[in-house]
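The values are calculated or read from the model by the stated rules, or taken from the named source; none is laboratory data. Only a predicted model underlies this, so the values are computations on that prediction, with no experimental measurement involved. Cβ sites come from the backbone with ideal geometry, for glycine too, and all protein chains shown count toward neighbours.
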Amino acid sequence: MSNEPFVLDPSDLRAEPYEEGFSIRTMIGAVFVAFVMMPGTIFLSLIAGAGLGPAAQWVTIILFTEIARRSFTTLKRQEVYILYYMAAALAMTGGPFGAMIFNQFFVQSQQAIQLGIADMLPSWVVPSRTSEAIVARNLFHPDWYTPIMLTTFLWIMGRACALTVGYGLFRITVDVERLPFPLAPIAAEGATALAETTAKKETWRWNVFSVGAAIGLIFGAIYVGIPGFTGVLFSRPLQIIPIPFVDLTQTTEQLLPAALAGISIDVGAFITGMVLPFPMVAGAFLAAVLSALLLNPILHHWNFFPTWHRGMSLIPTKIAVDFDFWMSIGIGASLCVAFIGFYNVFQSFTRKRDKNGVLLPRGSALTAPPKGRGDMKLYWCIIVYFIASVSYISLCKALLKQDSFPWVMVLVYALFITPVISYVSARMIGLTGSPLAFPFLREGSIILSGYKGVDIWYAPLPLADYGLSAQMFRELTLTRTKFSSLVKIELFMLPLALVCSLLFWAFFWHIEAIPSATYPFTAKMWPLQATYQCLFMTATLGDNTTQGSTSTTADKKPEEIDLFSKDNSTKNQSSLTEPVRKNFLAQAIKPKLILVGITIGFVLRFFTNYLGLSHFFFYGMIGGLGAIPNAIIPMFFGALIGKRVLAKRFGEETWRKYTPVLAAGYACGVGLIGMLAVAFAMIAKTISSLPY
């Protein structure tokens, strides 16, 4: 069976012209999502920790396609995809102002108060905890004006950079390197299938999409629906299938200490494994299982994990082993991927040939894009990124303390780190479907910069990963949508996102304190997040004893301080002082292990080439190093069944066409169940607050 993933770009599509996807119907869709879907996303994130996800996208598309059918009109594939993109951009994030609601909690949290951090937070981040803006839970108080204006400006610059820099990365990874982007056909095929229904010319796509939607409805009813409905009716939700995974770390710790033992019972991961190239899934499965279940116990035996101790559950174990070992290894492996990627780009420029094998001029794929696609000039990518970087650095200079401004760090961010991690991320998405994370890069660099103070943790540092936007442009090419449509819908969505995000976050905060029993996820998880945030911030405090602290840990050994307990929301928070900073943060990034990670990457690349294995296998192994294998396990079994059973049943080429449509249908089915659960929860909460 071929190792290449299915790409929705057959010869009949290549002959189709690019068409405009921005229209009055997509504008109406944007308004609908902003005022209907966004509050649902915010509410669900507060009570369950997750937004609507695919629900917002597929519910919006299905609603508008059904309206179109009953209005005897049609929706073009391009319009359907723009609706899909717009729903994701507006509803899945909840807008830019959610961070301010967490900041109001953080400034009042016991962790920040006991450490004295609450009184050090600058006014451009959050008002004082004694301010009327905080006491009255009023997001429109004048004390919030500066944080709101700063957040608005940074949101606009971030969207502009994502659009332009993402386009530049697309040109490199697709036009020059010809990377497949294996997950891009999911959105493209789903949009195509639903567009066909409005034109009343349903093909195999709609049949396969319906099968996927039925699977999603059945599984979603069990996985999402039952917990969502019972969580409203009873004090605790009923979970037939554990969410998000079955944690076996404490059960296996006697035999496999420090192992990341767990499994996710998720049909979505199973189907995703069918979409991705089999060698990539196999490589990720092999690396994740070996590193998480075999290497971790061995490394623990060799005393590589001083932070870990018995009794930790899976997530605290993952944080501990990352701090001690895998974070540095992952950074080194990521740098190896970057080096290989830059070398391949250089080769692409010097060896590029057209479809007939004729040698093309150097860089011609980058300088001469296809006609009619609506491409922007490449120099706009450079101009926008330059303006954004200068703006970020200027704001940092104005907001941070003048006497110890970390010039070297912000310049390295802007000139080197952001371009490198964005390119590496885009390349990994193009090859494997998922980005390669650089864990704790921001935190580690801030600590190593030597800056003293907590304001730097909120500064608009020029550090970001724009690689995710590259796939968006690939999806545009697969649906034959003009790139100019994206620019137009972004400009139209921008004021909607800002206004609706501010209104709805202010509304939910005003009617009930956040966190509170009304929003159970925040009540459980936000104190833990505050704990970790304080943990990092203590590393940039100048004193060994922190203002407001009632006790110290100078007489305690670092291993006696339980920083990673899942219940460590308020206990021992006054003891996060200098010994903790020295042993857990300043030593988190280990240069020697980074070199080991680089070496491991090149050794794996050598053996992959030597054994004649697919390059997907190599990138899968890089992505699986030190990863939690929970979702990778069902993904691997899905890939195995797809390759060994279903591909033989339907035929290789036919099955490759079916899988992205099946995945899109499944996401739609689960999304519909999630939307019903959110609607029921919101109605129940509204009724319960009435006096009759």
### Query
Just one of Pro142, Pro147, Pro96, Pro122 is within 25 Å of Leu463 (Cβ to Cβ) and surrounded by fewer than 18 Cβ atoms within 10 Å (Cβ to Cβ); which is it?
Pro122
### Query
Do you know which of the residues in region 150-173 that are buried (at least 20 other Cβ atoms within 10 Å of the Cβ) and of a type in the set (Val, Ile, Thr) is farthest from Asp375 (Cα to Cα)?
Thr151
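In this structure, does Phe618 turn out to be assigned to a helix (DSSP H, G or I), touching a Ser or Thr at 6+ places or on another chain (Cβ under 6 Å) and either among the hydroxyl-bearing types (Ser, Thr, Tyr) or closer than 29 Å to Phe305 by Cβ (or both)?
Working: assigned to a helix (DSSP H, G or I): yes; touching a Ser or Thr at 6+ places or on another chain (Cβ under 6 Å): yes; either among the hydroxyl-bearing types (Ser, Thr, Tyr) or closer than 29 Å to Phe305 by Cβ (or both): yes.
Considered against the rule, which asks whether it is assigned to a helix (DSSP H, G or I), touching a Ser or Thr at 6+ places or on another chain (Cβ under 6 Å) and either among the hydroxyl-bearing types (Ser, Thr, Tyr) or closer than 29 Å to Phe305 by Cβ (or both), Phe618 comes out as yes.
Count, please, the residues in region 624-661 that happen to be farther than 24 Å from Leu295 by Cα, hydrophobic (A, V, I, L, M, F, W, C) and buried (at least 24 other Cβ atoms within 10 Å of the Cβ).
Start the filter on region 624-661 by keeping residues that are farther than 24 Å from Leu295 by Cα, which leaves 638-661.
Okay, now just the ones that are also hydrophobic (A, V, I, L, M, F, W, C), so 639-641, 645-647, 650, 655, 661.
Cutting the leftovers down to buried (at least 24 other Cβ atoms within 10 Å of the Cβ) gives us 639, 661.
So the count comes out to 2.
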### The lone exception for Ser501 - which of (1) in contact with a helix residue (DSSP H, G or I) (Cβ under 6 Å, 6 or more places away or on another chain); (2) crowded, with 21+ Cβ neighbours inside 10 Å; (3) assigned to a helix (DSSP H, G or I) it fails
(1)
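Going by what's in this entry, would Ala50 be described as surrounded by 17 or more Cβ atoms within 10 Å (Cβ to Cβ), at pLDDT below 80, within 30 Å of Pro237 (Cβ to Cβ) and among the aliphatic types (A, V, I, L, M)?
Details: surrounded by 17 or more Cβ atoms within 10 Å (Cβ to Cβ): no; at pLDDT below 80: yes; within 30 Å of Pro237 (Cβ to Cβ): yes; among the aliphatic types (A, V, I, L, M): yes.
Considered against the rule, which asks whether it is surrounded by 17 or more Cβ atoms within 10 Å (Cβ to Cβ), at pLDDT below 80, within 30 Å of Pro237 (Cβ to Cβ) and among the aliphatic types (A, V, I, L, M), Ala50 comes out as no.
Starting from residues that are within 25 Å of the chain's Cα centre (by Cα) and either of a type in the set (D, E, K, R) or part of a helix (DSSP H, G or I) (or both), keep the ones in region 583-612 and report whichever is modelled with the lowest pLDDT.
Here is the first cut: in region 583-612, the residues within 25 Å of the chain's Cα centre (by Cα) are 585, 588-589, 594, 597-598, 601.
Next, from what is left, pick out any that are either of a type in the set (D, E, K, R) or part of a helix (DSSP H, G or I) (or both): 585, 594, 597-598, 601.
On the way: Leu585: 50, Ile594: 88, Gly597: 91, Ile598: 91, Gly601: 91.
The selected residue is Leu585.
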## Note on the structure
Output for Cβ contacts, cut-off 6 Å, separation at least six or different chains, first residue more than 21 Å from Ser614 (Cα to Cα) in region 413-431, second hydroxyl-bearing (Ser, Thr, Tyr) and outside any helix (DSSP H, G or I), reads Ser422/Tyr466
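Against the condition more than 20 Å from Leu541 (Cα to Cα) and part of a loop (DSSP other than H, G, I, E, B), how does Leu395 come out, does it pass? Break it down into steps so the answer makes sense when it comes.
On the way: more than 20 Å from Leu541 (Cα to Cα): yes; part of a loop (DSSP other than H, G, I, E, B): no.
Judged against the criteria, Leu395 is not a match.
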### Message
Considering only residues that are crowded, with 21+ Cβ neighbours inside 10 Å, farther than 12 Å from Gly626 by Cβ and of a type in the set (Ser, Thr, Tyr), which ones fall in region 289-316?
### Response
Thr307
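Please go through region 294-330 and give me each residue that is polar (S, T, N, Q) and over 18 Å from Lys592 (Cα atoms), ordered by number. I'd like the intermediate steps shown before the answer.
If we filter region 294-330 for residues that are polar (S, T, N, Q), which is where we start, we get 296, 303, 307, 313, 317, 328.
The answer is Asn296, Thr307, Ser313, Thr317.
Okay, residues lined up against (1) modelled with pLDDT of 85 or more; (2) buried (at least 19 other Cβ atoms within 10 Å of the Cβ); (3) touching a Phe, Trp or Tyr at 6+ places or on another chain (Cβ under 7 Å):
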residue: Gln402; (1), (2), (3): no, no, no
residue: Val410; (1), (2), (3): yes, yes, no
residue: Phe416; (1), (2), (3): yes, no, no
residue: Pro419; (1), (2), (3): yes, no, no
residue: Ser425; (1), (2), (3): no, yes, no
residue: Gly430; (1), (2), (3): no, yes, yes
residue: Phe440; (1), (2), (3): no, yes, no
residue: Leu448; (1), (2), (3): no, no, no
residue: Lys452; (1), (2), (3): no, no, no
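Can you name the residue in region 107-153 that is in contact with a Ser or Thr (Cβ under 6 Å, 6 or more places away or on another chain) and in a loop (DSSP other than H, G, I, E, B) and is also nearest to Cys500 (Cα to Cα) among such residues?
Trp124
Condition first: part of a helix (DSSP H, G or I), modelled with pLDDT under 75 and either among the aromatic types (Phe, Trp, Tyr) or over 23 Å from Leu217 (Cα atoms) (or both). Now tell me which residues in region 70-96 satisfy that. Don't jump to the end; show me each part of the working.
First, the residues of region 70-96 that are part of a helix (DSSP H, G or I): 70, 77-91.
Checking the rest, the ones that are also modelled with pLDDT under 75 come to 70, 90-91.
Scanning region 70-96 gives Arg70, Leu90.
Inside region 296-341, can you point out the residues that are part of a helix (DSSP H, G or I), aromatic (Phe, Trp, Tyr) and either over 28 Å from Arg605 (Cβ atoms) or touching a Lys or Arg at 6+ places or on another chain (Cβ under 9 Å) (or both)? Before the answer, list the steps.
To start, the set of residues in region 296-341 that are part of a helix (DSSP H, G or I) comprises 296-301, 314-341.
Pick out the ones that are also aromatic (Phe, Trp, Tyr) and you get 323, 325-326, 339.
Of everything in region 296-341, those that are part of a helix (DSSP H, G or I), aromatic (Phe, Trp, Tyr) and either over 28 Å from Arg605 (Cβ atoms) or touching a Lys or Arg at 6+ places or on another chain (Cβ under 9 Å) (or both) turn out to be Phe325, Trp326.
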